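Trainee: Can you keep this structure in mind? I'll have questions shortly.
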Amino acid sequence: MLRNSSILIKASVPLLIMAAVAAGLVHYAIGELNLLAGQMREIVDTQAVRLIGPHEVVQGQS
(Lines give C-alpha, C1' and ligand atoms only; values in the text may rest on other atoms or scores of the structure.)
Protein backbone atom coordinates (compact mmCIF):
# COMPACT_ATOMS: atom_id res chain seq x y z
CA MET A 1 0.00 0.00 0.00
CA LEU A 2 2.68 2.53 0.97
CA ARG A 3 5.45 0.95 -1.12
CA ASN A 4 5.56 3.75 -3.70
CA SER A 5 4.80 6.61 -1.30
CA SER A 6 7.31 9.20 -0.23
CA ILE A 7 9.10 9.02 3.13
CA LEU A 8 7.07 12.00 4.37
CA ILE A 9 3.81 10.09 3.89
CA LYS A 10 5.28 6.96 5.44
CA ALA A 11 6.39 8.93 8.50
CA SER A 12 3.17 10.91 8.87
CA VAL A 13 0.80 7.92 8.98
CA PRO A 14 2.05 6.60 12.37
CA LEU A 15 2.17 10.15 13.73
CA LEU A 16 -1.45 10.74 12.73
CA ILE A 17 -2.48 7.47 14.37
CA MET A 18 -0.65 8.43 17.58
CA ALA A 19 -2.24 11.89 17.54
CA ALA A 20 -5.70 10.36 17.14
CA VAL A 21 -5.10 7.93 20.01
CA ALA A 22 -3.78 10.76 22.21
CA ALA A 23 -6.80 12.92 21.43
CA GLY A 24 -9.10 10.03 22.28
CA LEU A 25 -7.33 9.46 25.59
CA VAL A 26 -7.58 13.14 26.49
CA HIS A 27 -11.29 13.16 25.64
CA TYR A 28 -11.87 10.02 27.73
CA ALA A 29 -9.86 11.37 30.66
CA ILE A 30 -11.74 14.68 30.71
CA GLY A 31 -15.06 12.83 30.69
CA GLU A 32 -14.01 10.54 33.54
CA LEU A 33 -12.66 13.44 35.62
CA ASN A 34 -15.95 15.31 35.17
CA LEU A 35 -17.81 12.18 36.29
CA LEU A 36 -15.58 11.84 39.35
CA ALA A 37 -16.04 15.52 40.17
CA GLY A 38 -19.81 15.09 40.15
CA GLN A 39 -19.62 12.01 42.37
CA MET A 40 -17.26 13.78 44.77
CA ARG A 41 -19.61 16.76 44.94
CA GLU A 42 -22.49 14.46 45.90
CA ILE A 43 -20.39 12.72 48.56
CA VAL A 44 -19.25 16.00 50.07
CA ASP A 45 -22.78 17.41 50.10
CA THR A 46 -24.12 14.25 51.74
CA GLN A 47 -21.40 14.20 54.38
CA ALA A 48 -21.84 17.93 55.07
CA VAL A 49 -25.55 17.45 55.69
CA ARG A 50 -24.80 14.52 57.99
CA LEU A 51 -22.25 16.55 59.98
CA ILE A 52 -24.02 19.91 60.05
CA GLY A 53 -27.54 18.56 60.65
CA PRO A 54 -27.02 17.28 64.23
CA HIS A 55 -24.89 20.31 65.08
CA GLU A 56 -27.70 22.70 64.14
CA VAL A 57 -30.20 20.68 66.20
CA VAL A 58 -27.95 20.83 69.30
CA GLN A 59 -27.45 24.57 68.92
CA GLY A 60 -31.17 25.11 68.47
CA GLN A 61 -31.96 23.41 71.81
CA SER A 62 -29.74 25.62 73.92
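The values are calculated or read from the model by the stated rules, or taken from the named source; none is laboratory data. These numbers come from a predicted model, not from an experiment. Glycine also receives a Cβ, built like all others from the backbone with ideal geometry; neighbour counts cover every protein chain displayed. For accessibility, only protein heavy atoms count, side chains too; no ligands or nucleic acids. Shrake-Rupley method; radii C 1.70, N 1.55, O 1.52, S 1.80 Å.
A quick yes/no check of all residues on (1) at pLDDT below 95; (2) in contact with a Ser or Thr (Cβ under 8 Å, 6 or more places away or on another chain); (3) in a helix (DSSP H, G or I):
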site	(1), (2), (3)
Arg3	yes, no, no
Ser12	yes, no, yes
Val21	no, no, yes
His27	no, no, yes
Gln39	no, no, yes
Gly60	yes, no, yes
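Trainee: Among all residue pairs at least 6 apart or on different chains, which show Cβ distances below 9 Å where the first residue, located in the stretch 31-55, is without any contact (Cβ under 8 Å) to a residue 24 or more places away in the chain and among the polar types (S, T, N, Q) and the second is assigned to a helix (DSSP H, G or I) and open to solvent by less than 100 Å² (accessible area, probe 1.4 Å)?
Mentor: none
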